[in-house]
Amino acid sequence: MKKITVISLAVLCAFGLNLKVSAHNHSADETAEAASEAKASMASHIVVEKAWARETFKLARTGAAYITMSNSSDKSVRLVSASVDESVADMVEIHTTEMNNGMMRMMELEDGLVIDAGEKVEFQPGGKHFMLMGLKGPLQAEKELNITLRFEDGSEKSVDMYIQDMRMRSSID
């Protein structure tokens with residue numbers, strides 16, 4: 001009788017411990033799933049239009065790309081960085097151009113760019129733009145370039161950009 005009681009007690013303890021471990025893992029899974037959903041939210045609320053890059057000459061080391069982004073959420077979204085494949089360029093910076101003491105000055109937006117709820121932001125020549133630095137070759141007209149946008153929450157959005165022949169630029173504007 002003692003053996004049955006000890007075995008029964010051991011089975012119940014093991015079963016109870018298993019339930020606790022299982023419940024704990026389930027809770028961790030739910031937490032990871034919720035974090036994953038939250039992670040995808042910033043990028044999923046950005047609507048992209050007019051994504052294009054400027055063609056460059058053969059020996060150019062820099063290039064520029066432009067986009068129009070709308071934030072369809074009810075919260076601000078921060079674009080923190082962008083990148084292209086390493087076969088295209090070494091790095092991409094988010095830039096703006098400002099008039100300073102009668103001179104146009106280009107500067108990196110080191111803290112990224114906040115896109116307020118419901119706001120539309122246009123990257124265009126003479127204003128905000130993506131600066132592709134360390135080009136590995138020219139950006140050739142009528143080809144495409146893929147750029148990855150990264151947001152503050154870690155989410156990403158991949159955008160295909162048409163490389164515009166500058167003689168035909170008015171068709172994009």
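Here, each number is a calculation from the coordinates, and none is a lab measurement. These numbers were taken from a predicted model, which means no experiment stands behind them. All Cβ positions, glycine included, derive from the backbone under ideal geometry; neighbour counts span all protein chains shown.
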query = Going by average Cβ neighbours within 10 Å, how do the peptides 50-56, 96-102 rank, with the highest at the top?
reply = 50-56, 96-102
task = From the C-alpha gyration tensor of the range 45-171, pull out the three semi-axes of the equivalent ellipsoid (sqrt of 5λ each), sorted largest to smallest, in whole Å.
result = 23, 17, 15
query = When the Karplus curve 6.51 cos²θ - 1.76 cosθ + 1.60 is applied with θ = phi - 60°, which whole-Hz ³J(HN,Hα) does each residue of the range 149-164 get, with x for Gly and Pro?
reply = 9, 10, 10, 4, 7, x, 6, 10, 9, 8, 10, 8, 10, 7, 8, 8
inquiry  = Quick one: 3J(HN,Hα) in Hz for the range 44-59, Karplus 6.51/-1.76/1.60 with θ = phi - 60°, rounded, Gly and Pro as x.
reply    = 5, 8, 9, 9, 9, 9, 6, 8, 8, 10, 8, 4, 10, 7, 3, 9
